[in-house]
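Student: Okay, here's the structure, questions in a sec.
The values are calculated or read from the model by the stated rules, or taken from the named source; none is laboratory data. Computed from a prediction, not measured in an experiment: that's the story for all the values here. Don't worry about glycine lacking a Cβ; one is built from the backbone with ideal geometry, like all the others, and counts go over all protein chains shown.
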Amino acid sequence: GAGVSQTPSNKVTEKGKYVELRCDPISGHTALYWYRQSLGQGPEFLIYFQGTGAADDSGLPNDRFFAVRPEGSVSTLKIQRTERGDSAVYLCASSFPGDTQYFGPGTRLTVL
Amino acid sequence: DAKTTQPPSMDCAEGRAANLPCNHSTISGNEYVYWYRQIHSQGPQYIIHGLKNNETNEMASLIITEDRKSSTLILPHATLRDTAVYYCIVRANSGYALNFGKGTSLLVTP
């Protein structure tokens, strides 16, 4: 079946701009996760959704980062006033609650 | 969740078994050992997980020591396409965030 999909695959933006990154989870998966991976590092947890609600957003680095999942399926990660340090690969994963997480291909964000 | 320790890099000849070690000496009774890998420029790929018993699937085998303080991922016949960073992660099933660490960069050579 279809895996996790993420769009766009690449996003280049200028410092100070607003960006939205989209994640389409595996059908039926109620849990959704966002991670961020900087060059040479492993992925780092950002936020976890169970259904429509953010159950844990403790990994979001600051209040410029926000994520939503209004209908319990697709999720959007929103970054305001982007900074060069936000450049990274943003990964999305989904699962049944407590079960194995399956990852999408990621969105590579470059802030110039 | 417990912390894991992995060697930063390993080499393996194509066709030979690749044995990737992981230490997790502070693992708790309800924590599973998960293995993921990440091929360059792709998202992490789930390989296998286990609690106490050894596990095998079409990709790999997972051997967990009796005291559960360490484990080994075995790729029985490594191919060039197995070149990737391999992450050993410990997580309770009631938990959710995966703590990836830096993993082991495996290079399979012809």
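Student: Residues in region A:8-24: is at least one outside any loop (DSSP other than H, G, I, E, B) and aromatic (Phe, Trp, Tyr)? Break it down stepwise before answering.
Tutor: First, the residues of region A:8-24 that are outside any loop (DSSP other than H, G, I, E, B): A:10-13, A:19-24.
Pick out the ones that are also aromatic (Phe, Trp, Tyr) and you get none.
Checked region A:8-24: no residue is outside any loop (DSSP other than H, G, I, E, B) and aromatic (Phe, Trp, Tyr).
Student: Moving on. Note down all Cβ pairs under 6 Å where the first residue falls in region A:15-39 and is on the phi > 0 side of the Ramachandran plot, the second is assigned to a loop (DSSP other than H, G, I, E, B) and at pLDDT 95 or above, and they're at least six residues apart or on different chains.
Tutor: Hits for this filter: A:Gly16/A:Arg81.
Student: Within region A:77-112, restricting attention to residues that are among the small types (Gly, Ala, Ser) and under 16 Å from A:Ser27 (Cβ atoms), which residue is nearest to the chain's Cα centre (by Cα)? Before you say what the answer is, go through the steps one by one.
Tutor: Going residue by residue through region A:77-112, those that are among the small types (Gly, Ala, Ser) are A:85, A:87-88, A:93-95, A:98, A:104, A:106.
Next, only the ones that are under 16 Å from A:Ser27 (Cβ atoms) stay: A:93-95, A:104.
Values: A:Ala93: 8, A:Ser94: 11, A:Ser95: 14, A:Gly104: 10 Å.
Restricting to residues being among the small types (Gly, Ala, Ser) and under 16 Å from A:Ser27 (Cβ atoms), the top hit is A:Ala93.
Student: Between a residue in region A:52-81 that is more than 15 Å from A:Arg36 (Cα to Cα) and any residue that is assigned to a strand (DSSP E or B) and among the polar types (S, T, N, Q), which pairs come within a Cβ distance under 7 Å, given they are 6 or more apart or on different chains?
Tutor: A:Val68/A:Ser75; A:Val68/A:Thr76; A:Arg69/A:Ser75
Student: Would you check which residues across region B:8-39 are among the basic types (Lys, Arg) and out of contact with any Phe, Trp or Tyr (no Cβ under 9 Å at 6 or more places or on another chain) and list them? Break it down stepwise before answering.
Tutor: At the first step, the residues of region B:8-39 found to be among the basic types (Lys, Arg) are B:16, B:37.
The answer is B:Arg16, and nothing else.
Student: Just for region B:68-90: of the residues that are more than 14 Å from every other protein chain (Cβ to nearest Cβ) and among the β-branched types (Val, Ile, Thr), which one is surrounded by the fewest Cβ atoms within 10 Å (Cβ to Cβ)? Outline the logic, then answer.
Tutor: Kept after step one, since they are more than 14 Å from every other protein chain (Cβ to nearest Cβ), are these residues of region B:68-90: B:68-83.
Remaining after also requiring among the β-branched types (Val, Ile, Thr): B:72, B:74, B:79, B:83.
On the way: B:Thr72: 17, B:Ile74: 16, B:Thr79: 12, B:Thr83: 19.
Across region B:68-90, the extreme among qualifying residues is B:Thr79.
Student: Here are the criteria: (1) of a type in the set (Asp, Glu); (2) touching a residue at least 24 places away in the same chain (Cβ under 8 Å); (3) in contact with a Lys or Arg (Cβ under 9 Å, 6 or more places away or on another chain). Tell me which single one B:Glu66 does not satisfy.
Tutor: Every listed condition holds for B:Glu66 apart from (2).
Student: Let me ask something else. For B:Ala17, state whether it is surrounded by fewer than 17 Cβ atoms within 10 Å (Cβ to Cβ), touching a Leu at 6+ places or on another chain (Cβ under 7 Å) and among the aliphatic types (A, V, I, L, M). Talk me through it step by step, then tell me what you get.
Tutor: Numbers: surrounded by fewer than 17 Cβ atoms within 10 Å (Cβ to Cβ): yes; touching a Leu at 6+ places or on another chain (Cβ under 7 Å): yes; among the aliphatic types (A, V, I, L, M): yes.
Taking the combined requirement at face value, the residue satisfies it.
Student: From A:Lys11, A:Lys17, grab the single residue that is among the basic types (Lys, Arg), more than 14 Å from chain B (Cβ to nearest Cβ) and farther than 28 Å from B:Ala84 by Cα. Write out each step before concluding.
Tutor: Details: A:Lys11 fails: farther than 28 Å from B:Ala84 by Cα.
Only one candidate passes the filter, namely A:Lys17.
Student: With respect to B:Asn93, determine if the residue is more than 11 Å from every other protein chain (Cβ to nearest Cβ) and over 14 Å from the mean Cα position of the chain (by Cα).
Tutor: no
Student: Could I ask something else about it? Check region A:48-56 and report whether any residue there is more than 12 Å from chain B (Cβ to nearest Cβ), assigned to a loop (DSSP other than H, G, I, E, B) and small (Gly, Ala, Ser).
Tutor: yes
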